[in-house]
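Single-structure report; data block below.
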Amino acid sequence: MNKFIYILLISILFPLTQFEIDREKSSVKWKGTKSTGSYHDGLINVKSSLLNIENDNLVGGEIIIDMTTIVCTDIEDKGSNEYLVSHLKNDDFFSTTKYTEALLLIKNVSLIKDNDYSVDADLSIKGQTQPIQFTANIIIKDGIGLASGKIEVDRAKYDIKYKSKSWFPNIGDKFINDIFELYFNLLSIEKK
């Protein structure tokens, strides 16, 4: 009985609300670079989300990415563009037929200063889960949340071996950098 009263008091004193990302008004951009400094970039879509907000602060949640929605935005030639996207979706990279989703599970969020927060999360790609930390600028007010930032992902930790210097140290200068970047601009709204 005492435990029930404690949980009830906590929920009254620290009300938890849930937000979800507006997929139409949000974007996740990816960027991958080669050893030469050249790069490709594109977009990928949020599939669903559930963000836990307490007193206008993000305290946890999850974001599911639809890996089948990968597109390239920097290659204008249609054939070359389709070739790259097909390669990203096959087993050399993300195996999107088998692994259709990636998951970001937010575990801890702590204030750095102003609206900048350090986010600790677990990122799951291709059935592999690894801890990840990144900085996000987060503003939550009147049932609306805005978050932006960059996540650096080490693909070698997710069994993505293609031209990886971590997996093939003798590859010379023909490698693709293991770190790829995700730039996010997310608008979220309170669930009613």
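The values are calculated or read from the model by the stated rules, or taken from the named source; none is laboratory data. The structure presented is a predicted model; accordingly, all values stated were derived computationally and were not measured. Heads up, the Cβs are rebuilt from the backbone with ideal geometry, glycines too, and the neighbour counts pull from every protein chain shown. For accessibility, only protein heavy atoms count, side chains too; no ligands or nucleic acids. Shrake-Rupley method; radii C 1.70, N 1.55, O 1.52, S 1.80 Å.
Annotations
- Neighbours of residue 134 by Cβ distance under 14 Å: Lys/Arg scored +1, Asp/Glu scored -1, total -4.
- Net charge in the neighbourhood of residue 93 (other residues with Cβ under 11 Å of its Cβ; Lys, Arg +1, Asp, Glu -1) is +2.
- Dividing the convex hull volume of the alpha-carbon atoms in the chain by its residue count gives 154 Å³ per residue.
- Cross-link pairs exceeding 22 Å between alpha carbons, from the set 89/161; 31/150; 31/157; 126/174; 34/157: 126/174.
- Degrees separating the helix 2-13 axis from the principal Cα axis of the chain, which is the longest one: 80 degrees
- With a simple spin-label model that places each label point 7 Å from the Cα along the Cα-to-Cβ direction, the separation between residue 74 and residue 22 comes to 3.0 nm.
- Sum of side-chain charges, residue 166 neighbourhood, beta-carbon under 12 Å (Lys, Arg +1; Asp, Glu -1): +2
- The value of relative contact order for the stretch 116-192, using C-alpha pairs under 8 Å at least six residues apart, is 28 percent.
- Couplings 3J(HN,Hα) of the stretch 67-82, computed from phi: 5, 6, 9, 4, 10, 9, 10, 9, 9, 7, 5, 4, x, 5, 5, 5 Hz, in residue order, whole Hz [Karplus 6.51 cos²θ - 1.76 cosθ + 1.60, θ = phi - 60°; x for Gly and Pro].
- For the stretch 158-177 and the stretch 89-129, distance of Cα centres in Å: 21 Å
- Apportionment of accessible area to carbon and sulfur, the chain, percent (1.4 Å): 53 percent
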